[in-house]
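Some notes on the structure that comes next.
The values are calculated or read from the model by the stated rules, or taken from the named source; none is laboratory data. Small disclaimer: the values here were computed from a predicted structure and weren't measured. Every residue, glycine among them, receives a Cβ derived from its backbone with ideal geometry; neighbour counts consider all protein chains shown.
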Amino acid sequence: MSTLRTLVPEDRHVGHPVSRAPFSHPSRNERSGPDRRTVKKPVLAADPEPDPEHPMVCVELPEKSRSNRPDLGIALIALVLCAGFLLTACSGGGEHTGKVLNVIEGDLLKVEMDGRWMRVELAGVDSPVRGQPYRDEARAFTVRLVQDKTITVRVVDTGAAGHVVGEVLFGAGKTLNRELVAAGLAWHRGSWFAPYPELRAAEQQARRARRGLWRDPDPVPPWEFLGDKSWRDGKEQ
């Protein structure tokens, strides 16, 4: 416990006596003159210079207890854990079965799952957006495969806008993510923690075969086309 050290003269009954000058009443002129005596306040010092004539005694005064103060660290940890719990509860995790109500973009679906509808974005995939070549072809490809059909969503993350990010399984174990990339209608977009090697291999095959958007000599990926826009600027209903 940190303490405040106050320096006071040592009591004559405890240690060395403190020398005191004899007291005398000031004269009338001294009381009314410019040299009127003033009372000096005691000085607080952490480590004063020793004075052999006036020895001092360090009296430790305990600081006010902090036991009643809230622990902000524990409160912050509890808040983070609560937010993580709510995020997991909303995303659900695992696999969920639902019906495709609408295909917004080639890689963005509106799906009814667990009695409510939500947007599902294909993980590791980025298809052309409005204003780009092959946007309509990518959307028509996805409509043909999964529109009004029952799918299984393998949730891997939750997007910044609250949508679900995952793998979409349909038919006899096929993955919409891979089918879209293999058809040359989407880019593989992985990261160091989620590289999706099967999608990278599918994109390389589509490039070599010059399928879909790879017929163009230098197709522009949607993240460069959108620039500073959010994903919803190009991927809306």
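Restricting attention to the stretch 109-118, which residues are at pLDDT 95 or above and surrounded by 19 or more Cβ atoms within 10 Å (Cβ to Cβ)?
Across the stretch 109-118, the qualifying residues are LEU109, VAL111.
Please state which one of GLU137, GLU105 is surrounded by fewer than 18 Cβ atoms within 10 Å (Cβ to Cβ), within 21 Å of ALA206 (Cα to Cα) and not small (Gly, Ala, Ser).
Exactly one residue qualifies, and that residue is GLU137.
Among the candidates ARG154, ARG130, which residue alone is in contact with a strand residue (DSSP E or B) (Cβ under 6 Å, 6 or more places away or on another chain), surrounded by fewer than 22 Cβ atoms within 10 Å (Cβ to Cβ) and of a type outside the set (A, V, I, L, M)?
None of the other options fit; the residue is ARG154.
Just wondering, is there one or more residues in the stretch 164-184 that are touching a helix residue (DSSP H, G or I) at 6+ places or on another chain (Cβ under 8 Å), modelled with pLDDT under 95 and more than 28 Å from TRP214 (Cβ to Cβ)?
yes
To keep it simple, each residue is scored yes or no on (1) part of a strand (DSSP E or B); (2) of a type outside the set (D, E, K, R); (3) at pLDDT 65 or above.
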{"residue": "ARG69", "(1), (2), (3)": "no, no, no"}
{"residue": "ILE77", "(1), (2), (3)": "no, yes, yes"}
{"residue": "THR88", "(1), (2), (3)": "no, yes, no"}
{"residue": "ASN102", "(1), (2), (3)": "yes, yes, yes"}
{"residue": "GLN132", "(1), (2), (3)": "no, yes, yes"}
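For ASP136, all conditions in the list (1) at pLDDT 95 or above; (2) more than 25 Å from TRP117 (Cα to Cα); (3) in a helix (DSSP H, G or I) hold save one; what is the number of the exception?
For ASP136, the exception is condition (2).
Got a number for residues in the stretch 161-197 being under 30 Å from the mean Cα position of the chain (by Cα) and farther than 20 Å from HIS96 by Cα?
Result for the stretch 161-197: 12.
For the stretch 186-208, which positions are within 14 Å of VAL156 (Cβ to Cβ), surrounded by 14 or more Cβ atoms within 10 Å (Cβ to Cβ) and small (Gly, Ala, Ser)?
GLY190
For the stretch 161-170, check the following and say yes or no: at least one residue is surrounded by fewer than 14 Cβ atoms within 10 Å (Cβ to Cβ) and touching a Ser or Thr at 6+ places or on another chain (Cβ under 8 Å).
Yes - at least one qualifying residue is present in the stretch 161-170.
Given the criteria among the acidic types (Asp, Glu), free of Cβ contacts under 8 Å to residues at least 40 places away in the same chain and in contact with a strand residue (DSSP E or B) (Cβ under 6 Å, 6 or more places away or on another chain), does GLU112 qualify?
yes
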